[in-house]
Amino acid sequence: MEGVPFHDGNIHDLIERRYVDVRHDANQRLQMHSSLVRRLSQERELEGHQGCVNSIAWNSNGSLLISGSDDTRINIWNYPSRKLLHSIETGHCANIFCTKFVPETSDELVVSGAGDAEVRLFNLSRLNGRGTDDNAISPSAVYQCHTRRVKKLAVEVGNPNVVWSASEDGTLRQHDFREGTSCPLAGSTNQECRNVLLDLRCGAKKSLADPPKQNFSLKSCDISSTRPHLLLVGGSDAFARLYDRRMLPPLTSCRKRTAPPPCVNYFCPMHLSDRGRASLHLTHVAFSPDGEEVLLSYSGEHIGFAIPAGESVMQYTPGDVSKLTSFSPLLNGAELHQPASIVFRNGVPKRGNIAARFEKCRNLIQIAERSLEGTDYFYGIEACNEVLDGNSCGIGPTLKHDCLCIRAGLLLKRKWKNDVHMAIRDCYNARRLNSSSFSAHYYMSDALSQLAKHKEALEFAIAAQSLAPSNSKVAERLEHVKRDLAAAESERNGKPNDGAPRSEPRGERVLSLSELLYRSEGNSDVSQDGPRSEREDSDYDEELELDFETSISGDEEHDIEPNILQGSLNLRIHRRSDSAREVGGANGSSGSPSLSSQNERLTYQRYVGHCNVGTDIKQASFLGQRGEYVASGSDDGRWFVWEKRTGRLIKMFQGDEAVVNCIQCHPFDCVVATSGIDNTIKIWTPSASVPSIVAGGAAGPENADVSVVMESNQHRLSHNRETILYSRSEILEHFRMHEFAEGSLHPFECVMVGILNEVMPEVDPIQPILVLAEIL
C-alpha cells in the first residue's frame, strides 16, 4: 500500500496556499502532515522516574510535560530543553495513574490521582528557587472520598477551580478547590462529601437491551474542549456514555446508591452491543480536538471512533442487531444508487475530475482481488478500505458493491478478532446495493457459519444457490451448512450423529480462573458477605480482592530466591453470571434505548494491529489539532499510527521493552510523547532522514515483517484472560508453595512476571499479568 497517496496533499502546495488564503489555518494542517508523520523517529529518552510511567500530559501551550509513575512521584519536564525541572514526592502510597495541569493557573497547579483512591493538588510556585533535589512540598488539597483506585482526571478549558476524577468505585466526582482543601476518609462516620457528579456504581450493561443495573467501575473520562458541558465516560462494560453536565442532578454524597442518571447517548460498535462478555471493557475514551468525534479503546478488542452529535449520527436498536443477520429478499424494499447526474449506467462517473480517482479505485480493487486468491489478506483489506472510506464519493454503486464483497471475503479468510462481524456488515451493505448479489449471500452464509448461526447460514446458502445454481462452491457450502446444522441439533439433543447417547466427559474439568475462585462449595458461605440466598438473588456481579504484601528480609542486594514473591499483588476478578456468558439474545423491544451506530457510513472505523489486554490504562489518542491520525500503545512494546479516515496503518514504532500505555501529541508541534512499563518517557519527532511507512525507528525503517507482528498481536488479543484456563488444583497449589510475609508496599508489576511464568510457562511473558493481576 506504499504507492497509495495520502489525502492531505503536497506539503509544498499547502505552504504556498497559506500566504494566499489568509482564512485557512494552514498551521493545523501542517502539524501532523503525512510527510512529517512518515519521518517520525525517537529523538530523546527522558530519564527521571524509578517505576512505570502511567501518565503523561502537556500543558496548554506545550512548554511543559507532566508525568506520574509507580514511584509515586510527579515529574515536570521542560519541553524546549528536554530537561527535568521538578520531581515531586506526592505522598501517595500507591501507583499514580493520572496527572494534569490545572488550566488558567500559569501552570502552577497540578493534580494527581492514584491507586490509593486519593486525588492530590500541588502548587508548583512553592518550588520557586529550589533545585531539582529539593522538591518536598505538602499538597494544597487532598481528596480522600473515593473508595477505589482513581484512574483518570479531567479538566475544563478555562476553568482553574474544578477537576473531575473517575474511579473504579463507579463514581465520577467534582472537586471544587474553592469549597475546601480536604474531605473525610471514605467510610468515616461523618463523611458527607457531596461531590458525586455521576453515580454509576450500578450502571453497567451486559447488552444493548439490558437495563443498567450491574456493578460498574469507571476507567476513563474526558470533557469536550469545544463544548465543555459534554462529558464522556467509559468503564467496565462495552458502552461509552455521553452526558450533558447541564442536565445532571445536583451533586450528591455516596451514602445511598442511586440509579444512574440518563445519558445523552451510548456509544458502542454494533457487533459488541450484545456480546455480554464479563472481561470486555473500555480502557480509554477521548473527544477529538474539535469535539465532533469520540475515540474508544477496548481491552481485548480493537479501537474504533464514532461521531457523537449532529444529524449524521446513525442510530440502531436491539432489533437492528438481529436484522443484520436475518435473511430477507429485499432490504428496505429498494436498492440504493448514487444520483444519476454523477454516475453512468455502468457505474463510471461522468465528471472528468473524478475519472482519475475512479481509475485508482479500480486498480485498488484489482489488488484486493488478487489478495483474495492468495494469502496477503491484510493489504487487500487496506486496499478496499482506501476505496470505500477514502474515495467512496467518487465511485458508483457497482464498484462499491464489488469492493464490499471482496472485503467481506478477505475478512472471512483472515479471521482476526471480530473480522466476521465486519464481513457481515459489508455483506449487509452490499445487499442494500444489490439484493440479488450472489457474492453477498455466499459470504454472509460463510460468516454466519463461523458464528455458529447455522439456521441463518442455511437460508443465505439456499438463496445463493438460487442465484447461481451451477456454481460448485455454493453447492459445497450448502452441504457444509447442512452438516453443521445437523451436528448442532444432535448435540443440543444430547446425541451424536449416529444416534448413540452422548457420554459425559470424565476426569477433572479445566476451569477458568473466575470459575476456580467462585466455584460453590459447602463452606463457601463463611468467606463472603451476606446470606447465600441473598447473594444468589442479587443482580450485581460479585468481586473478590486478594491483597498480598510481602518483603525480603536481609540485604536487598543479595540474590533473591525465585520462589519468593516481592511487592504487592492486587487480584480482582468479577463473578460472571450465567446471563453474562450468553452471547446474542439482545433482541429487545422497540422501546429499548438506541445507540450511535457505526454500521453504514464512515461513522465507525476500526483500527487493527495492536494488542490491548495487558493493562487497563492503555490510551488511544488523536494526533494533531485536526485529529487526522489515531495512535495507540500495544502490549508488544510498540505503538501504532493509523490514518483516521481509512483505518490504514501508517507507522509502527518500538516504544518500550514491554508495554506502551500512554501517547500524547504536542498541542502545536509534530511531536509525540510516549510511556509505558519502562521508567523513561520517549519523545518522537520528524527527524528521520528517510520517510517510511508501517515501519520506523531511531535507526530507520525496521526489517521486521509487519504482518508477522500484527498476527502475533491478534493471537494475543484472541487469547485473553477469558480463554486461558488452568486446573483448580494446579494454580492453588502454586500459591500455597509461596511464602507471603508482611512488608511495605512496593511496585510489583515487573517482578511478578518471573513468578507467574512458573505457573504458566507456555504463556507470553506479559500474559500472566493479564490473567492474575490488574496491575495498572
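The values are calculated or read from the model by the stated rules, or taken from the named source; none is laboratory data. Please read all numbers here as calculations on a predicted model, not as lab measurements. Neighbour counts are summed over all protein chains in view; Cβ atoms, including those assigned to glycine, are modelled from backbone coordinates with ideal geometry.
Among the residues of the stretch 53-70, those identified as more than 16 Å from residue 118 (Cβ to Cβ) and either in contact with a His (Cβ under 6 Å, 6 or more places away or on another chain) or aromatic (Phe, Trp, Tyr) (or both) are 58, 62.
Can you find even one residue in the stretch 448-465 that is assigned to a helix (DSSP H, G or I), among the β-branched types (Val, Ile, Thr) and crowded, with 20+ Cβ neighbours inside 10 Å? Among the residues of the stretch 448-465, not one is assigned to a helix (DSSP H, G or I), among the β-branched types (Val, Ile, Thr) and crowded, with 20+ Cβ neighbours inside 10 Å, which makes the answer no.
Under 8 Å between Cβ atoms, at least 6 apart or on separate chains: pull out the pairs that start in the stretch 236-257 with a residue that is outside any loop (DSSP other than H, G, I, E, B) and end on any residue that is among the aromatic types (Phe, Trp, Tyr). Short answer, once both residue conditions are applied: 240/266; 240/267; 241/266; 241/267; 242/266; 242/267. Here the stretch 141-163 is the region considered, the condition is being part of a strand (DSSP E or B) and either surrounded by fewer than 24 Cβ atoms within 10 Å (Cβ to Cβ) or free of Cβ contacts under 8 Å to residues at least 60 places away in the same chain (or both), and the residue that is farthest from the chain's Cα centre (by Cα) is 141. Note on the stretch 430-447: residues that are of a type in the set (Ser, Thr, Tyr) and not in a helix (DSSP H, G or I) total 3.
Here 67, 138, 112, 55 are screened, and the one residue that is modelled with pLDDT under 95, within 30 Å of residue 195 (Cα to Cα) and either polar (S, T, N, Q) or in a strand (DSSP E or B) (or both) is 138.
Hey, does the stretch 82-92 have a residue that's polar (S, T, N, Q), surrounded by 20 or more Cβ atoms within 10 Å (Cβ to Cβ) and under 26 Å from the mean Cα position of the chain (by Cα)? Scanning the stretch 82-92 turns up no residue that is polar (S, T, N, Q), surrounded by 20 or more Cβ atoms within 10 Å (Cβ to Cβ) and under 26 Å from the mean Cα position of the chain (by Cα). Can residue 232 be described as farther than 28 Å from residue 181 by Cβ, in contact (Cβ under 8 Å) with a residue 12 or more places away in the chain and buried (at least 24 other Cβ atoms within 10 Å of the Cβ)? It is true that residue 232 is farther than 28 Å from residue 181 by Cβ, in contact (Cβ under 8 Å) with a residue 12 or more places away in the chain and buried (at least 24 other Cβ atoms within 10 Å of the Cβ). If you go through the stretch 463-473 and pick out every residue that is out of contact with any helix residue (DSSP H, G or I) (no Cβ under 9 Å at 6 or more places or on another chain) and either charged (D, E, K, R) or in contact (Cβ under 8 Å) with a residue 12 or more places away in the chain (or both), you end up with 0.
When the stretch 645-663 is limited to residues that are crowded, with 22+ Cβ neighbours inside 10 Å and more than 19 Å from residue 709 (Cβ to Cβ), the one that is modelled with the highest pLDDT turns out to be 662. Of the residues contained in the stretch 411-429, none is found to be more than 18 Å from residue 718 (Cβ to Cβ), in contact (Cβ under 8 Å) with a residue 24 or more places away in the chain, touching a Cys at 6+ places or on another chain (Cβ under 8 Å) and of a type outside the set (Lys, Arg). For the stretch 445-462, filtered to residues that are among the hydrophobic types (A, V, I, L, M, F, W, C) and in contact (Cβ under 8 Å) with a residue 24 or more places away in the chain, the residue that is nearest to residue 489 (Cα to Cα) is 452.
Residue check: residue 419 meets all listed conditions (1) acidic (Asp, Glu); (2) more than 20 Å from residue 467 (Cβ to Cβ); (3) out of contact with any Leu (no Cβ under 9 Å at 6 or more places or on another chain) but one, namely (3). Remark: pairs (first residue in the stretch 643-666, closer than 14 Å to residue 694 by Cβ; second residue acidic (Asp, Glu); Cβ separation under 6 Å; 6+ apart in sequence or on different chains) = 646/386; 646/389; 648/382; 650/643.
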